[in-house]
Structures are given as C-alpha cells and as structure tokens.
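First up is the structure itself, then whatever we jot down about it.
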Amino acid sequence: FTLNTFTHILEGYKVADKMKQHGAYASTFSDWWNYKMEVLDAIPYNASIMQKVGVTVAINSDDAEMARHLNHEAAKSIKYGGMSEDDALKMVTLNPAIMLHVDDKVGSIRVGKDADLVLWNENPLSIYSKAEKTMVDGIVYYDREKDIKMRTEIAKERARLMGKMIGEKRMGAP
C-alpha cells in the first residue's frame with residue numbers, strides 16, 4: 001500500500017531516504033523535541049534534512065495560536081537548516097496543497113487557482129512583518145489602514161458614550 005503523508009513526523013530525518021523512495025510526504029512541527037518519549041530524538045533540523053533528501057515537507061501545528069504563525073514556524077528551517085526562503089514558504093503554502101492533492105486548485109498564485117492572500121509590509125517570514133491586507137475569495141476581510149481608522153472612530157464613540165453615561169449618572173440616573 002502507498003502512504004501519502006506522515007504527520008507529526010518529528011524524527012523523519014532518520015528515514016527520509018526511505019520516505020523519498022516510497023514517495024511519501026512529511027508534515028512536521030518546526031522545533032518541538034524531547035517533550036515526550038516518542039520524540040526524544042527529534043531535532044530542529046528535521047524539516048530541512050527531509051527537504052534536502054527530496055521529501056516534500058510541510059510545517060503544521062496542533063495549537064490554534066501557533067497555527068496562526070506557521071510562516072514564522074517555517075522560517076525556523078532557514079535558521080536551523082539553511083533552507084531557502086522559497087522552500088520555507090512552500091512548507092506552508094504549496095506543499096500542504098500537494099499533500100492533499102489539491103495543488104491544481106490552491107497553494108500558489110496562478111491564473112485559474114483559488115487564492116486566499118495575505119499582503120505583508122515586509123518579508124512574511126519575519127516576526128517583525130505585519131499583515132496589511134487579507135483577502136478571501138477576492139473579498140478584503142482585513143485592511144490595516146482601515147482598521148487603524150476604525151479603531152480611532154471606535155475610541156471617539158466610546159468616549160462620547162462614556163461621557164453621556166457619566167453625565168446621566170451625575171443627573172441621578174442609575
């Protein structure tokens with residue numbers, strides 16, 4: 001039988017050559033190791049080693065908060081294993097789509113593909129970069145510039161309402 005993807009394969013570097021030969025993919029964490037018995041030999045170089053052997057690798061997370069920062073998790077493979085920025089980005093874009101066999105529809109920006117996009121003010125692999133816009137199905141769901149303006153308007157409205165409530169309280173209202 002054919003295995004598609006080994007998930008949580010934190011020690012995949014040990015069998016990367018066998019995975020490549022079989023055609024299996026690897027979905028792993030960036031740098032979790034030694035937190036339970038079955039990952040005592042996990043290393044932060046894992047994703048980079050598997051990728052260098054020729055295995056298609058993706059970075060995943062079971063943690064909802066960390067899943068919001070998979071771009072930063074992927075960047076750790078640049079630090080730990082000298083992976084290129086393009087290959088690091090693929091671990092959180094195209095490679096997961098390949099593993100799910102939907103790369104003809106999503107995973108990269110190409111004419112005819114569906115794309116949910118985030119536009120960053122700097123390199124998306126940097127912890128200092130900020131999302132400027134987020135688009136899903138062609139609709140802008142987040143726009144940093146509009147968000148900043150909206151926060152200012154909300155603060156003004158809050159101050160107005162608080163002032164009104166304080167004034168009512170002074171007049172004896174509950």
List every residue pair whose Cβ atoms sit under 8 Å apart, with the two residues 6 or more apart in sequence or on different chains, where the first one lies in region 69-97 and is more than 11 Å from residue 44 (Cα to Cα) and open to solvent by 50 Å² or more (accessible area, probe 1.4 Å) and the second, anywhere, is modelled with pLDDT under 95 and of a type in the set (Ser, Thr, Tyr). 93/108
Every residue from region 20-52 that is touching a Ser or Thr at 6+ places or on another chain (Cβ under 8 Å), within 19 Å of residue 88 (Cα to Cα) and part of a helix (DSSP H, G or I): 46, 47, 48, 50, 51
Condition met for residue 50 (more than 19 Å from the chain's Cα centre (by Cα) and surrounded by 17 or more Cβ atoms within 10 Å (Cβ to Cβ)): yes
Taking residue 17, is it open to solvent by 20 Å² or more (accessible area, probe 1.4 Å), among the acidic types (Asp, Glu), part of a helix (DSSP H, G or I) and closer than 23 Å to residue 115 by Cβ? no
If we keep only residues of region 29-58 that are out of contact with any Lys or Arg (no Cβ under 6 Å at 6 or more places or on another chain) and of a type in the set (Ser, Thr, Tyr), then the residue farthest from residue 19 (Cα to Cα) is 35
Conditions (1) of a type in the set (A, V, I, L, M); (2) touching a residue at least 12 places away in the same chain (Cβ under 8 Å); (3) in a helix (DSSP H, G or I); number of the one not met by residue 55: (3)
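The values are calculated or read from the model by the stated rules, or taken from the named source; none is laboratory data. As the structure is a prediction and not an experimental result, all values here were calculated from the model. Please note: Cβ atoms are built from the backbone with ideal geometry, for glycine as well, and neighbour counts cover all protein chains shown. SASA here: full protein model, heavy atoms, side chains in, ligands and nucleic acids out. Shrake-Rupley method; radii C 1.70, N 1.55, O 1.52, S 1.80 Å.
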